[in-house]
Every structure is written in C-alpha cells, then in structure tokens.
Amino acid sequence: PTCCNSDFASVCCPENSACSQGCRDSLLGSCDCIPLRESRYNETDALYSLAFVAASQCTPEAGLNNTWACTACPASMPLQEVTVVQNEGHQALVGYDESRGAAVVALRGSLSLEDWIADLQSATMVDYPYCEGCQIGTGWLTACESLQPGVTEALVDIVSHHSDVDVEIVVTGHSLGGAMAPIFLAELANSEPSLYSAVSLPVYTFGQPRGGNAAYASWASEKFDLYRVVHHDDPVPHLPPPALGFVQMNTEVWYAESGTGLGSYEVCDGSGEDQQCSAGTLVSGDFTDHTTYLDHDFASVTRPASDCAPSCGRFPRRMGEEGASAMLPRVEIRGPPPAEMRELCKGTARGTKLVRVLGTSGLSTDL
C-alpha cells in the first residue's frame, strides 16, 4: 500500500494518498509500510497511568495530598491515602484508587527537570548487582535508592489497610521516573516479592531515557513487561547517547506528532533501538514533545490555581489552550565534544532545531 504521513514533508507519497494502519514515513529516505505488531499495549491503561504521571508533577503544597486538589489531579480518579515521597530532589506519588482497588506509584524523578536534563551530559554508569555484566546510569540508581524505602513503606501500608481486597499495584513514571521504573521493580522483586507479584502488567512509562548498557537493556527487557511510550520528537529517549555506552530497552510504542488510537502509534520491535521508530529519526530540540503525551500536556500543572487559565483544574490541559506552554523550561546544555564526534544535523523534514549528540563529553544544544 501507498505510504504517507502528514506529520512530515512527503518525499515519496502522493498528496492526500491513503495509507494503511501502521504506515508512516521512516525518515530514512524511503517510505515504508510497517504493519502494527501484535502486543499487549492498551491505550486506555496507558492513559490511566499518564493521569497520575501528570498529577505527580505537582507538590503537596499545591494540593497533591488527600484533598486531591492539585491542578492536574484527575477528579474522576481521586486517590486516597496519598503519600508524596521526596528525597534528595526527587519525588514519587503513592496513593490508593478505591474504584479500581489499585495502589498507584507514579515516579516523577527530579523536581528540577532542567537540572536533570543538564546532568545527562556527564552521565556515567555503575555496576548493577541483579544481572551479570549489567551497568546502569549512576543518577538513575541514586534517585531510585532515595525514593524506594518511602515508596515501599507507603505500599505496605496501603496493602495492609485493604487486606480484604486483592490490591493491584500500578507503577508508572515519566522522564527520569521512567528510567527509575525497572530499577524500582527489580528492587521490589528482591525485597518485597509479595508486593511485586501484585504489580499490574504491562507497566507504562513515558519519555524514558536510556537506562544502562546493552546487558542491562537486554536483561530489563526480558524481565519486565514494560511499554516505553515515546512521543514523536521527544529528545529525552535518545539520551544519554550511545557514545557513552547507553542502550535503550524495549518495548517502544512510538506516537506520531498528534493523535491517539490505532494508526497514530507504532509498536516497535524488540531491539529497543528500532530504526523504524524514534531511534531512526534525527534528534529534535522540540522539548514540548517531552511534556505532551497522548495529546495531553502537563508542562504547567505545578502552577498555582489562581494563576491558571480557565481550563486549568482538570486533567489534562491540551496544547493550544491559553497558558498551556507558559511553563515550558528553557534548557541550555553545553560541553566541549571531541572533534571527531561533531555532527550537527542541519534540519528535519519539519525544519525543527536539533540537538547535537557529540560523543563522550556530552551534548550541546540551546532548546
């Protein structure tokens, strides 16, 4: 069938041509018709996880507590027994959804997204004890270790308070929180196997960066039933760069620029670095793709309610609404690269500014 994708400048497809499900421009110089793979990916469940990822961007002072009054707290899915674990600049949300009988763990990660992105330029790895030859990002492990005790304690309390219910545990995360998710699951399996057995599968993460070396990516991909949702040109899943030894785990679900539902996403292959998905595209500096997932923007959910546009107060706000992108961070990451690694991409089919991935010294960009 004819391939076309309105998200990009068509280079080989007739204007207004019809395309089959899963058909898109691979950005590799040819049009490829890629069939949707059979999978357990469920967009409704992904949206459920995303709702609490958005809420986790808030703070207790902004209503992320038992009042469930934060800007992005979904009114239709209130959490009870809310615990917000904060330690060493990282944060996680834990609460109980009575309607589903589920304990929710949303790993936010860094309270300063700008600072964390800047740290990617000097990402290093450390040996990981749960699998032979595995190394993971030092920052990922440190962040998870800072939150794990508090999150586990909150889960134990919820499960004990609802001993008459088979409580399921929903684990999710965005950005650094996504990188922490498999580390958290591994530690839970080791220290609290009864809790781990209650984890709802698959696990969904959003905008997850590369977690470690090839051995870790292979081990985590095999051990955990996890779908790594990537929105279009989100640059974070491309980081840290392979030049530093990092490899992405599977399974990626890659979404087009906008839209949801079949045909708007591609379930990628089991490599974690599917060249027909985000790994095959040029790395974009369009940071809005990192804070907008499944057509929902949560970039400014931490704004006080009094400062919000009228559309605030519901999950989620959509791009294009007044004030929706007012809190998007400006990030400058700089570092001297080795000359032999310098590659400056000149542009994409959409003309967006690109991140330069510049080797072992890091990356340099002005987003």
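The values are calculated or read from the model by the stated rules, or taken from the named source; none is laboratory data. None of these values were measured; they are calculated from a predicted model. Cβ placement follows ideal geometry from the backbone for every residue including glycine, while neighbour counts extend to all protein chains displayed. Surface areas here come from the heavy atoms of the whole protein model, side chains and all, with no ligands, DNA or RNA. Shrake-Rupley method; radii C 1.70, N 1.55, O 1.52, S 1.80 Å.
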Checklist line | Relative packing of 83-96, 175-188, 57-70, which averages over residues the other C-beta atoms within 10 Å, highest first | finding: 175-188, 83-96, 57-70
Notebook entry, point to check: What does the charge add up to near TYR128, with Lys and Arg as +1, Asp and Glu as -1, over the other residues with Cβ less than 15 Å from its Cβ?
Noted result: -3
Next item on the list: Could you do me a favour and compute the accessible area per residue for the stretch 82-191, 1.4 Å probe, result in Å²?
Entry: 37
Notebook entry, point to check: How many angstrom lie between the C-alpha centres of the stretch 42-114 and the stretch 132-151?
Noted result: 20
Note to self: I want the local charge near PHE246. Using Cβ-Cβ distances under 12 Å, sum +1 for each Lys or Arg and -1 for each Asp or Glu among the other residues.
What the structure shows: 0
Notebook entry, point to check: What list of ³J(HN,Hα) couplings, whole Hz, do you get for the stretch 165-174 from phi and the Karplus terms 6.51, -1.76, 1.60, once you set θ to phi - 60° and write x for glycine and proline?
Noted result: 10, 7, 5, 9, 10, 9, 10, 8, x, 10
Check: Counting Lys +1, Arg +1, Asp -1, Glu -1, what net charge surrounds MET77 among other residues with beta carbon under 11 Å of its beta carbon?
Finding: -1
Checklist line | Contour minus Cα-Cα distance for GLU168 and ASP127 (0.36 nm per residue) | finding: 11.6 nm
Check: For the stretch 90-196, taking Cα atoms only, what is the radius of gyration to one decimal and the Dmax to the nearest whole Å?
Finding: 14.7, 48
Checklist line | Computed FRET value (nearest 0.05) for GLU81 with ASN42, which takes r as the C-beta separation and R₀ as 35 Å | finding: 0.85
